[in-house]
Structure formats: C-alpha cells, structure tokens
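Student: What follows is a single structure, and I will ask about it in a moment.
The values are calculated or read from the model by the stated rules, or taken from the named source; none is laboratory data. Quick caveat: nothing in here was measured; it's all calculated off a predicted structure. Note that we place each Cβ from the backbone using ideal geometry, even for glycine, and neighbour counts take in every protein chain shown.
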Amino acid sequence: MISKGNHKKHIFRFKQFSLTDDNCGMKIGTDGVLLGAIAANEKCNNVLDIGTGSGLIALMIAQKQPAEIECIEIDPLAYNDALFNIDNSPWTERIKLYKTPFQEFYRNTKKKYGLIVCNPPYFHNSKESPNANRHIARHSDKLPLTDLLEGVSKILSNDGKFLIIIPALQYQNVNNFLLKKNNLFTNTKILIRPTPSKDFHRVILSVSKQKSEINEDFITIENGQRHIYSREYQNLIKDYLL
C-alpha cells in the first residue's frame, strides 16, 4: 500500500506527503503508521515526537492537526532523512527537528506538551545488530523506558496525552510499575494483532496524568490473507496511504 518512486532515494508516497527512510535504522512500517494515524486524531497545540526516525509520525500529525510539532532524533543518519522529509513536506514551517538525546532535551526544556508520541526502541540486552544505526533504533540502550517515562512525566501537560506503542509482553510491566512510578496512568489500550488467528503482539497506550478506568480496544491488521487489510485498519489509515 506504500509505493516507492524511481528516484535516487527510495521514496514512500502518501496522499499528502512523501518521505525516505534510506538511512534510518528502523524502516517505515505498520507500527509507525498505526501510531501516527491514532495520534493524528488527538487535538492539541503542541506535539513532541521522541525518536522521530524518518519523521513519519510527525508528518502524519501535521497533516491533520495545525499544531506546532517538535521532533527528537539522536542518530545522525536518521536525523538527515527526517530533515530531508520535513523540508520537502507542506508543513516545514511548523515542524522543528533536534539532534539530541531525550534525556538532555527534557532536562533543559521549560515547555509542557499537550501530546507526546514515541515509537520506542523495543529490545533490551539482546544481541547487538552489526548495523550500528539499526542497533540504536531497535534497542533500549540509548533510551531505557525508565528514562523515557521519567522525562515524559516532567514535560507532559496536566491535561496532555502520551501515546506509545510497545510489545504486548511489556504491557504489564509498563502499566503496573513504570507508569505508576512516574504518576502516569493508562487511559486507553489498543491491542493489535497481525491476523485474526495470531496473538496480540503490540499495544498502543494512551497515557495521561489523570487516573481513570482503562478503555480497551482492538485492531486486526489483515483479514488472514497477505495484504488484504481489515476494515478497521483501512478506516484508520485511509487519509494517508495510497
């Protein structure tokens, strides 16, 4: 559903913007598209995208919301891709990109954000990838969840939302310990599975400083056949993908 153009860079074409992920450790995929589509429905004045990679999520939000958007990316090659993509988008005036560790960013900023989004590194203490950029993108060495959630708690506004996608196996630890330790609470969890016959493998959490009952929802990506997408997934991403 994402097309590549015949250019020196591999160009992924969406309805209102295009982008490349040539130098990103983690490539454009379903996780980012899902999180971006859900985050883009949140109305807010200012947004922070942590670990923006190619800038996909920031651009998806910019398409729907008139917010000011700031992005952080520590990897210099992914930063260059994000800069290229933002500069060639219709919303370059509203998106700022910083090449800095999140730990340094949140300790120095005085801002509070109405929406914070993160598609974080998943893997901890696992085998190191021979590709250094991919290792940074996929592993939690540079941004442990403890640091991420501590920082989010300091810069999220009192009525703001933090959206994150994590492996389903991490949910209990994140919800029962790491969030509560930082006075953050899950308000909505969306369980995601690739097909109807497979287990849920990802969870998108909507988190805030306000405690509430957890609303639960479900998304199945494909109907069971390769690239035959479910109605709920198509409805979610219909404004973006060709």
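Student: Name, by its number, the condition in (1) surrounded by fewer than 21 Cβ atoms within 10 Å (Cβ to Cβ); (2) under 25 Å from Arg226 (Cβ atoms) that does not hold for Cys24.
Tutor: (1)
Student: Could I ask something else about it? In segment 94-113, what residues are touching an Asp or Glu at 6+ places or on another chain (Cβ under 7 Å) and loosely packed, with under 15 Cβ neighbours inside 10 Å?
Tutor: Hit for segment 94-113 is Lys96, nothing else.
Student: Do we find that Glu73 is without any contact (Cβ under 8 Å) to a residue 12 or more places away in the chain, charged (D, E, K, R) and closer than 20 Å to Pro120 by Cβ in this structure?
Tutor: no
Yes/no per residue for (1) under 22 Å from Lys238 (Cβ atoms); (2) surrounded by 23 or more Cβ atoms within 10 Å (Cβ to Cβ); (3) of a type in the set (D, E, K, R); (4) touching a Lys or Arg at 6+ places or on another chain (Cβ under 8 Å):
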site	(1), (2), (3), (4)
Lys15	yes, no, yes, no
Ala39	yes, yes, no, no
Ile50	no, yes, no, no
Thr92	no, no, no, no
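Student: Residue check: is Leu143 within 13 Å of Ile72 (Cβ to Cβ), under 17 Å from the mean Cα position of the chain (by Cα) and modelled with pLDDT of 80 or more?
Tutor: Criteria met by Leu143.
Conditions (1) of a type in the set (Gly, Ala, Ser); (2) under 16 Å from the mean Cα position of the chain (by Cα); (3) modelled with pLDDT under 95; (4) farther than 18 Å from Tyr106 by Cβ, marked per residue:
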residue: Leu48; (1), (2), (3), (4): no, yes, no, no
residue: Leu59; (1), (2), (3), (4): no, yes, no, yes
residue: Ala67; (1), (2), (3), (4): yes, no, no, yes
residue: Ile72; (1), (2), (3), (4): no, yes, no, no
residue: Phe84; (1), (2), (3), (4): no, no, no, yes
residue: Asn88; (1), (2), (3), (4): no, no, no, yes
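Student: If you check Lys111, Lys96, which single one turns out to be in a strand (DSSP E or B) and touching a residue at least 12 places away in the same chain (Cβ under 8 Å)?
Tutor: Lys96
Student: For segment 156-173, give me the residue count where each residue is in contact with a Lys or Arg (Cβ under 6 Å, 6 or more places away or on another chain) and more than 20 Å from Gly32 (Cβ to Cβ).
Tutor: Here the count works out to 2.
Student: While we're here: Among the residues of segment 176-218 satisfying the criterion of being polar (S, T, N, Q) and within 18 Å of Pro144 (Cα to Cα), which is modelled with the lowest pLDDT?
Tutor: Of everything passing the filter in segment 176-218, Asn176 is modelled with the lowest pLDDT.
Student: For segment 151-163, how many residues are surrounded by 15 or more Cβ atoms within 10 Å (Cβ to Cβ) and of a type in the set (S, T, N, Q)?
Tutor: Matching residues across segment 151-163 total 2.
Student: Continuing with this model, one more query. Answer yes or no: is there a residue in segment 37-49 that is closer than 21 Å to Arg202 by Cβ, outside any loop (DSSP other than H, G, I, E, B) and either out of contact with any strand residue (DSSP E or B) (no Cβ under 8 Å at 6 or more places or on another chain) or among the basic types (Lys, Arg) (or both).
Tutor: Scanning segment 37-49, I find at least one residue that is closer than 21 Å to Arg202 by Cβ, outside any loop (DSSP other than H, G, I, E, B) and either out of contact with any strand residue (DSSP E or B) (no Cβ under 8 Å at 6 or more places or on another chain) or among the basic types (Lys, Arg) (or both), so the answer is yes.
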